[in-house]
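K.L.:
I'd like to ask some things about the structure below.
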Amino acid sequence: MFLEERRSQILQWLDEHERVTVNGLASQLGVTRETIRTDLSALAQQGLVQRCYGGAIALRRNLQEKLISESGNFEVLLQRLQSRKGQIKSSGKQGKVCILGAFNVDIVAKVAQFPQSGESLMALGSTLGPGGKGANQAMAASCAGTRVHFVAKVGTDQFSQFAFDHLSASDIHSFRLYQTDTEPTGSAIIYVSQENGENMIAIYSGANKTITDEEIAELTHELTDADVMLLQLENNFEATRSAIRLAHTMGVRVIMNPAPFSPDVVSCLPMIDVLTPNETEASRLSGIEIHDVASARAAAQAIVALGARRVIITMGSRGALLFDNQQFHHIPAFPALSVDTTGAGDAFNGALAAALAQGQSLLQAATWASAFASLAVEREGASNMPDRQQVLTRLQQR
């Protein structure tokens, strides 16, 4: 097979399957892995593929990419997309979630109990691992059985390679890591109490707060065949708001997990399809202190009055409260032996997005997400998520 013929075949397979591996191509084409690596590198230099660990993924070059290059301005891009709304959605596969969020390095200390002010404690153990709400939710959505495209930004420090290696080794379908030399990779200091698995977290967002409109605009071709866009508030709010507007303009369902809380989210509520605050965030947003299901109902109504369409308030051991179309649904928590609650909210949101992308109703998706989160808290580490079969088993046990 001639060189150009071989590379054309590689591009054809990428069009069909979206990703290829070096080993798989070498076996299919009867050439060495080094030959395939050379082919993929050459195609990447031409801007036809994106290299990733062990292979390559397809770059979607379509109408949206042309709009980005022609506009040169995010507002102009939105205007053009709005004028072509209804033509944007492709007939791609169902079950795709796009996630814009943070990647952080988590430094976790296990303690017998939380320290008092001014107190020093000897930790029972310490670990360093991947985290960030966006990265955790991307892992959860992927483990829940849907295709995920994840976008984040890191520094140029040693942790940027850590981020790339972690995401490359995961089952996340595709990702885009931007870099900045003005801020370090985000980090989080986490205490986990061994009494009850509860946690205390201090976050420095770093590079996560430097995402630009140009980088948001590059999400356009990924959103073309997406079912859900999932966001949080660990990135700079201007970028988050731009991503919400972009997804909303393209007719993609938007889920917002308003954490860490910022009152800025109120300005985006009309463009958000599902808002998923926890008790603390819902209390701050509504002005109503939540202490039981009844007060959660009052808070949900107040949040809808601010402009939200649908609200799911997660309440830990009290389960979750869904308010949709003036109807309340209380989803009891699934029994769980709590080990580490650090990633519980991320597990819920990632699983919720995956279930909605796969066509479940909001009530079904919230129940699925509750079961998923109950399994996640039984594991150590915020990014340590259960798989789909384990969730099905827990649902059957109920």
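K.L.:
Could you work out which residue, out of N23, N208, N104, moves most in a Gaussian network model of the chain, that is, has the largest mean-square fluctuation with Cα springs under 10 Å?
P.N.:
N23
K.L.:
At a Förster distance of 30 Å, what's the computed FRET efficiency of A112 paired with Q390, Cβ-Cβ distance as r, to 0.05?
P.N.:
My answer for the efficiency is 0.50.
K.L.:
Further, regarding this structure: For segment 276-334, what is the percent of antiparallel DSSP beta bridges, rounded to the nearest 5?
P.N.:
DSSP beta bridges in segment 276-334 are roughly 90 percent antiparallel.
K.L.:
Counting alpha carbon pairs within less than 8 Å and at least 6 residues apart, what relative contact order, in whole percent, applies to the chain?
P.N.:
15 percent
K.L.:
Sticking with this structure for a sec: Could you derive backbone 3J(HN,Hα) for segment 22-31 from the dihedral phi with the Karplus parameters 6.51, -1.76 and 1.60 (θ = phi - 60°), listing whole Hz in sequence and x where the residue is Gly or Pro?
P.N.:
Calculated HN-Hα couplings, in order: 4, 4, x, 5, 4, 5, 5, 9, x, 10 Hz.
K.L.:
Using 1/(1 + (r/R0)^6) with R0 = 56 angstrom and r between the beta carbons of Q82 and R33, what's the FRET efficiency to the nearest 0.05?
P.N.:
Working from the Cβ atoms, E equals 0.75.
K.L.:
Across every pair of different alpha-carbon atoms, what Kirkwood hydrodynamic radius in Å does the chain reach?
P.N.:
Hydrodynamic radius (Kirkwood, Cα pairs) of the chain is 22.0 Å.
K.L.:
Can you give me the angle between helix 362-376 and the longest principal axis of the chain, using Cα atoms only, in degrees from 0 to 90, rounded to the nearest 10?
P.N.:
The angle comes out near 80 degrees.
K.L.:
In terms of modelled amide H atoms, which long-range or inter-chain residues lie less than 5 Å from the amide H of V148?
P.N.:
For V148, the qualifying residues are V97, H173, S174.
K.L.:
Hey, what did segment 3-58 get for relative contact order, percent, Cα under 8 Å, at least 6 apart?
P.N.:
37 percent
K.L.:
Taking the Cα atoms of segment 3-58, what is the range of coordinates along each of the three principal axes, in descending order and whole Å?
P.N.:
Largest first, segment 3-58 extends 24, 20, 19 Å along its Cα principal axes.
K.L.:
Residue-wise, which Karplus ³J(HN,Hα) couplings in Hz belong to segment 200-208, taking 6.51 cos²θ - 1.76 cosθ + 1.60, θ = phi - 60°, and x for glycine or proline?
P.N.:
Coupling constants for segment 200-208: 10, 9, 10, 10, 10, 6, x, 4, 4 Hz.
K.L.:
Also, quick follow-up: Using a Gaussian network model on the chain with a 10 Å cutoff between Cα atoms, which of A138, A333, A226 fluctuates the most?
P.N.:
Of A138, A333, A226, the Gaussian network model singles out A333 as fluctuating most.
K.L.:
Give the residue from Q179, I201, L29 lying farthest towards the positive end of the charge dipole for the chain; charges sit on Cβ (+1 for Lys and Arg, -1 for Asp and Glu) and the dipole is referred to the Cα centre.
P.N.:
Positive-end residue among those listed: L29.
K.L.:
Across segment 270-284, in residue order, what do the Karplus-derived ³J(HN,Hα) couplings come to in whole Hz, using 6.51 cos²θ - 1.76 cosθ + 1.60 with θ = phi - 60° and x for Gly and Pro?
P.N.:
Running phi through 6.51 cos²θ - 1.76 cosθ + 1.60 with θ = phi - 60° gives x, 9, 9, 7, 9, 9, 10, x, 8, 4, 5, 5, 5, 5, 5 Hz.
K.L.:
Here's a follow-up. Report the relative contact order of segment 165-291, percent, no decimals, based on alpha-carbon pairs under 8 angstrom and at least 6 residues apart.
P.N.:
16 percent
K.L.:
Given the Cα-Cα distance of A294 and F2 and 0.36 nm per residue of separation, how much length would full extension add, in nm?
P.N.:
98.1 nm
K.L.:
Which length gain, in nm to one decimal place, applies between S317 and Q45 when the Cα-Cα distance is subtracted from 0.36 nm times their residue separation?
P.N.:
Answer, rounded to one decimal: 92.7 nm.
K.L.:
Would segment 90-226 count as rounded, prolate or oblate if I go by the C-alpha gyration tensor, calling it rounded below 1.5 in a/c and otherwise prolate when a/b exceeds b/c, oblate otherwise?
P.N.:
Since a/c reaches 1.5 and a/b is larger than b/c, the shape of segment 90-226 is classed as prolate.
K.L.:
What angle do you read, to the nearest 10 degrees and between 0 and 90, between the alpha-carbon axis of helix 74-83 and the longest principal axis of the chain?
P.N.:
For helix 74-83, the angle is close to 80 degrees.
K.L.:
With +1 on each Lys and Arg Cβ and -1 on each Asp and Glu Cβ, and nothing else charged, work out how big the dipole of segment 96-397 is about its Cα centre, in Debye to the nearest 20.
P.N.:
Using Cβ point charges on Lys, Arg, Asp and Glu, segment 96-397 gives about 740 debye.
K.L.:
Another question, then. Which ordering of R318, R379 is given by a fewest-first count of other beta-carbon atoms within 10 Å?
P.N.:
Fewest-to-most Cβ neighbours within 10 Å comes out as R379, R318.
K.L.:
Kindly provide the chymotrypsin sites (Phe, Trp or Tyr not before Pro) of segment 1-56 that DSSP labels as loop, not H, G, I, E or B, and whose Cβ sees at most 14 other Cβ atoms within 10 Å.
P.N.:
Sparse-neighbourhood loop chymotrypsin sites (Phe, Trp or Tyr not before Pro): F2, Y53.
K.L.:
Here's another thing I want to ask about it. For the pair M122 and D171, how long in nm is the line joining their label points, each one 7 Å along Cα→Cβ?
P.N.:
4.1 nm
K.L.:
Right, next: Output the peptides 351-364, 252-265, 117-130 sorted from most to least packed, where packing is the average of other Cβ atoms within 10 Å over each peptide's residues.
P.N.:
Going by the mean number of other Cβ atoms within 10 Å, highest first, we get 351-364, 252-265, 117-130.
K.L.:
Could you state the angle between the C-alpha long axis of helix 3-17 and the longest principal axis of the C-alpha atoms of the chain, as a value from 0 to 90 degrees rounded to the nearest 10?
P.N.:
30 degrees
Read-outs: derived from the displayed coordinates by stated rules, not from any lab. All values derive from a computational prediction rather than experimental measurement. FYI the Cβ positions are ideal-geometry reconstructions off the backbone, even for glycines, and counts take in every protein chain you see.
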